[in-house]
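**Student:** Starting off with a structure, shown below.
The values are calculated or read from the model by the stated rules, or taken from the named source; none is laboratory data. As the structure is a prediction and not an experimental result, all values here were calculated from the model. Here the Cβ is made from the backbone with ideal geometry for all residues, glycine too, and neighbour counts use every protein chain on show. Heavy atoms of the whole protein, side chains included, go into the accessibility calculation; ligands, DNA and RNA do not. Shrake-Rupley method; radii C 1.70, N 1.55, O 1.52, S 1.80 Å.
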Amino acid sequence: MDKGISKTPFASIDSLKLTFNHIKVWYTSGMGFFTDAYDLFIISAILDVLIQLHDPNFPLNSFTEGLLASSALWTAIIGQLVFGFLGDKIGRKAIYGIEAMLMAVGALLSAISPNIYWLIIFRSIMGLGIGGDYPISATIMSEYANVKDRGKLIALVFANQGLGSLAAVAIGIGSVLAFPLDISWRIMAAIGAIPAATVIYLRRKTPETPRYSMLVKGSVQEAKKAAEFLGARIEEKKVNSKPISLSQFLSKYWLTLIGTAVPWFILDIAFYGTGIYSGAITQLILGKPISIANLILEQGLPYMVGFFGYFTAVALMDKLGRKIIQLQGFILMGIIYAAVSSFLIVSGTKVIGLTIPAELGFLIYALSFFFIDFGPNTTTFVLPAETYPTRARTTGHGISAASGKLGAAITTYLFPTLLASIGIKNILLMLSVLSILGAIVTIIAVKETKGKSLEEVSEEEVIVQEEKASA
């Protein structure tokens with residue numbers, strides 16, 4: 001007969017100490033986010049180069065610049081929703097590696113684009129892969145992780161963004177110094193294929209997660225094999241997760257969905273707007289750089305500050321908890337944006353000076369990147385990988401991530417127009433208000449997940465099939 005059980009059948013996995021294979025899963029999952037961050041920064045460097053080139057095949061105006069900057073983000077939304085749905089429908093392993101192939105192919109094709117329209121198309125292909133990577137990699141890491149280190153491990157996957165940002169700064173500067181401008185941007189684009197390509201084989205060989213194997217597929221042997229991959233053992237019991245319809249999912253998890261999707265939407269409006277156009281903002285504060293290499297360096301400086309935020313979040317994720325880290329990040333982002341706005345002296349929409357030394361103003365602005373990363377940029381990735389049941393985990397993560405990328409795409413497309421129409425002072429004030437709104441939603445709709453099993457966090461209905469005793 002069917003009988004509900006309260007104790008998770010994955011206790012041996014949840015109680016494991018960190019193993020080498022945990023690290024292997026981290027690397028395999030994390031390279032997608034290295035690529036994501038590399039792409040986020042490198043497109044701003046590519047735009048810098050194309051503006052200098054004045055190539056008739058790559059004309060830049062407010063329309064083409066906004067579309068080029070945001071094209072990968074729009075298709076990432078599609079990738080997150082489609083791969084999220086498929087990850088629950090046919091399994092994580094069935095599609096793991098396909099998203100890395102799309103990233104690698106899209107990056108390589110971008111490098112040989114004959115004109116701006118093909119570049120937009122090829123970056124859109126890459127965006128599908130970037131989007132698909134979010135729900136699959138996050139969920140695979142969460143379902144393999146032990147409880148004590150789960151937040152740290154999922155955050156470490158995402159922290160590869162910090163490494164990707166630094167790599168992009170170095171490669172962007174090195175490319176423009178070593179090669180002619182018409183070659184340098186193509187090299188920047190092509191190098192984005194390397195990290196994704198290195199993990200395609202590893203992803204195809206990664207076993208299906210123990211939780212999906214047992215709770216959804218009903219395969220005890222496959223679940224045992226996956227657990228042994230980590231050095232754990234699970235009982236040979238027929239255990240399933242109770243099927244959940246769309247209406248049941250929305251009825252039970254609507255507040256959770258608000259808590260994972262809305263803060264991500266708000267966060268990415270700030271992060272991608274100030275990120276891709278960090279060069280425009282730093283020029284307003286520090287003045288026009290003397291060379292394109294200096295411009296790339298200046299717009300990369302906030303990312304260097306943010307780099308330490310990722311790993312601060314990793315270190316404290318399982319100590320402070322997700323909710324506190326997200327809340328303090330939003331609050332300090334709001335304070336910093338308001339402070340920098342108050343320092344700017346404007347005439348119309350143009351910045352003509354600062355009320356404090358420019359270097360101090362820039363440092364305060366760069367601190368926003370630290371608290372973005374030691375805050376909602378990391379936690380919004382971690383939380384949806386923990387708060388949904390196994391049958392809907394990649395779907396829930398995909399919807400949440402798509403909400404974030406929608407905010408990113410909107411702000412990236414509109415930022416050049418907003419900069420010209422209302423100016424950076426008013427943009428920063430808007431971001432400050434949005435950040436405080438993110439803090440309010442966090443208080444109301446986000447629940448803490450540290451120290452709990454995935455089944456406990458998601459309140460997943462798990463049933464065990466007990467065989468009838470023979471007469």
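**Student:** Here is a check on your reading of the model: is residue 293 open to solvent by less than 30 Å² (accessible area, probe 1.4 Å), aliphatic (A, V, I, L, M), closer than 30 Å to residue 182 by Cβ and in a helix (DSSP H, G or I)?
**Tutor:** So residue 293 fits the description; yes.
**Student:** Something else: Return yes when residue 262 is open to solvent by less than 60 Å² (accessible area, probe 1.4 Å), among the β-branched types (Val, Ile, Thr) and over 28 Å from the mean Cα position of the chain (by Cα) and no when it is not.
**Tutor:** Criteria not met by residue 262.
**Student:** Between residues in segment 50-71 that are under 25 Å from residue 36 (Cβ atoms) and residues that are outside any helix (DSSP H, G or I) and not small (Gly, Ala, Ser), which pairs lie under 7 Å by C-beta distance while being six or more apart or on different chains?
**Tutor:** Within 7 Å, the pairs are 50/58; 50/60; 51/60; 58/115.
**Student:** Looking at (1) buried (at least 20 other Cβ atoms within 10 Å of the Cβ); (2) closer than 27 Å to residue 149 by Cβ; (3) modelled with pLDDT under 95, find the lone condition where residue 442 falls short.
**Tutor:** (3)
**Student:** Taking segment 267-289 only, how many residues are open to solvent by 10 Å² or more (accessible area, probe 1.4 Å) and within 21 Å of residue 440 (Cβ to Cβ)?
**Tutor:** The total comes to 1.
**Student:** Would you confirm whether or not segment 243-257 contains a residue that is among the polar types (S, T, N, Q) and under 24 Å from the mean Cα position of the chain (by Cα)?
**Tutor:** Yes, segment 243-257 contains at least one residue that is among the polar types (S, T, N, Q) and under 24 Å from the mean Cα position of the chain (by Cα).
**Student:** Shifting gears a bit: Tally time: how many residues in segment 308-340 are of a type outside the set (Ser, Thr, Tyr) and under 17 Å from the mean Cα position of the chain (by Cα)?
**Tutor:** 11
**Student:** Same structure again: Could you list, ordered by first residue, the pairs with Cβ atoms under 6 Å in which the first is in segment 110-132 and touching a residue at least 24 places away in the same chain (Cβ under 8 Å) and the second is open to solvent by 10 Å² or more (accessible area, probe 1.4 Å) and not in a helix (DSSP H, G or I), at least 6 apart or interchain?
**Tutor:** Here the result reads 115/57, each pair linking segment 110-132 to a residue that is open to solvent by 10 Å² or more (accessible area, probe 1.4 Å) and not in a helix (DSSP H, G or I).
**Student:** Could you please give the count of residues in segment 84-127 that are more than 14 Å from residue 208 (Cβ to Cβ) and crowded, with 24+ Cβ neighbours inside 10 Å?
**Tutor:** Within segment 84-127, residues that are more than 14 Å from residue 208 (Cβ to Cβ) and crowded, with 24+ Cβ neighbours inside 10 Å number 11.
**Student:** I would also like to ask the following. How many residues does segment 200-218 contain that are without any contact (Cβ under 8 Å) to a residue 40 or more places away in the chain and closer than 21 Å to residue 388 by Cα?
**Tutor:** Within segment 200-218, residues that are without any contact (Cβ under 8 Å) to a residue 40 or more places away in the chain and closer than 21 Å to residue 388 by Cα number 2.
**Student:** State all residues of segment 248-269 that are among the β-branched types (Val, Ile, Thr) and more than 14 Å from residue 435 (Cα to Cα); if no residue qualifies, say none.
**Tutor:** Correct list: 256, 258, 260.
**Student:** Provide a single number: the residues in segment 214-245 that are in a helix (DSSP H, G or I) and open to solvent by 40 Å² or more (accessible area, probe 1.4 Å).
**Tutor:** 5
**Student:** All but one of (1) open to solvent by less than 50 Å² (accessible area, probe 1.4 Å); (2) within 24 Å of residue 58 (Cβ to Cβ) hold for residue 155; which doesn't?
**Tutor:** (2)
**Student:** Picking from 58, 63, which residue would you name as being of a type in the set (Phe, Trp, Tyr) and open to solvent by 10 Å² or more (accessible area, probe 1.4 Å)?
**Tutor:** 63
**Student:** So, one more: Filter the helices (runs of 4 or more DSSP H) completely within segment 298-387 down to those with at least 1 residues that are of a type in the set (Lys, Arg) and open to solvent by 10 Å² or more (accessible area, probe 1.4 Å).
**Tutor:** Qualifying helices (runs of 4 or more DSSP H): 322-343.
**Student:** Cβ-Cβ under 6 Å, sequence separation 6+ or interchain: first residue in segment 296-313 and free of Cβ contacts under 8 Å to residues at least 40 places away in the same chain, partner not in a helix (DSSP H, G or I). Which pairs?
**Tutor:** Once the first residue is free of Cβ contacts under 8 Å to residues at least 40 places away in the same chain and sits in segment 296-313, its partners that are not in a helix (DSSP H, G or I) give 298/289.
**Student:** To continue, here is another question. Need the failing condition index for residue 435 against (1) in a helix (DSSP H, G or I); (2) open to solvent by 10 Å² or more (accessible area, probe 1.4 Å); (3) not acidic (Asp, Glu), just the number.
**Tutor:** Here residue 435 clears every test but (2).
**Student:** Would segment 246-254 turn up any residue that is surrounded by fewer than 16 Cβ atoms within 10 Å (Cβ to Cβ) and touching a Phe, Trp or Tyr at 6+ places or on another chain (Cβ under 8 Å)?
**Tutor:** no
**Student:** Please go through (1) closer than 24 Å to residue 140 by Cα; (2) crowded, with 23+ Cβ neighbours inside 10 Å for residue 406 and return the number of the only condition it doesn't satisfy.
**Tutor:** Here residue 406 meets the rest and fails (2).
**Student:** Given the criterion charged (D, E, K, R) and in contact (Cβ under 8 Å) with a residue 24 or more places away in the chain, identify the matching residue among 323, 225.
**Tutor:** 323
**Student:** Can you give me the ranges of the helices (runs of 4 or more DSSP H) entirely in segment 110-213 with at least 3 residues that are within 23 Å of residue 305 (Cβ to Cβ) and among the β-branched types (Val, Ile, Thr)?
**Tutor:** Result: 150-178.
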